[in-house]
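Structure first, commentary second.
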Amino acid sequence: MEGCLFCKIAGGAIKADVVYQDDRVVSFRDINPQAPVHLLIIPREHISTISDLQEQHRELVGHIFLVAGKLADQFGIAREGYRVVANCREAAGQTVFHAHFHLLGGRQFGWPPG
């Protein structure tokens, strides 16, 4: 989608600290990390929010979580634990309207999240 920051990152028009990419997703370091490991995993396809996911995205969502597990292992947070978070719309804290998943780890998290 024209003008979408994450579409531009996925397409290579804007530089990011990319740690993983394949034909379906791109993962890069968050520019405002909330944990020692804070990566974003985005689909290459523009999907505005997780509420916009459809039945045809079932395999994509599964792939995103498999990538999250591989990255957690690669970054050394799989054994102690990590969090995968998706914010949906403004009230939940979504600021970029391209569905994305935060992979966070490397510190102790509390509940409920603040």
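The values are calculated or read from the model by the stated rules, or taken from the named source; none is laboratory data. The model shown is predicted, which means the values in this text are computed figures rather than measured ones. When we count neighbours, we look across all protein chains shown, and the Cβ atoms used for this are built from the backbone with ideal geometry, even at glycine. Calculation scope for accessible area: heavy atoms of the full protein, side chains included, ligands and nucleic acids excluded. Shrake-Rupley method; radii C 1.70, N 1.55, O 1.52, S 1.80 Å.
Odds and ends about this structure:
- Theoretical ellipticity at 222 nm over the chain - DSSP helices of four or more residues, -39500 (n - 2.57) apiece, nearest 500: -6500 deg cm²/dmol
- The calculated FRET efficiency for the pair GLN56 and VAL96, based on their C-beta separation and a Förster distance of 22 Å, comes to about 0.50.
- Read-out mean projected area of the Cα convex hull in nm², derived from the coordinates shown; its label in (i) 11.2; (ii) 12.5; (iii) 7.3: (iii)
- At full extension, LYS15 and GLN74 could sit 19.1 nm farther apart than now, given 0.36 nm per residue minus the alpha carbon distance.
- Model label points for GLN34 and ALA86, set 7 angstrom from Cα along the Cα-to-Cβ axis, are 1.6 nm apart.
- Surface exposure of the chain, expressed per residue as accessible area with a 1.4 Å probe, stands at 62 Å².
- Cα-based helix-to-principal-axis angle, 58-74 vs the chain, degrees rounded to 10: 40
- Within a Gaussian network of the chain (alpha carbon springs, distance under 10 Å), most fluctuating of ARG29, ARG79, ARG89: ARG79
- Sparsely packed GluC sites (Glu not before Pro) within the range 1-80, loop by DSSP, other Cβ within 10 Å at most 15: GLU2, GLU45, GLU80
- GNM remark for the chain: springs join alpha carbons under 10 Å apart, and the peak mean-square fluctuation among LEU39, LEU60, LEU103 falls on LEU60.
- Check: the chain dipole with +1 on Lys, Arg Cβ and -1 on Asp, Glu Cβ, in debye: 300
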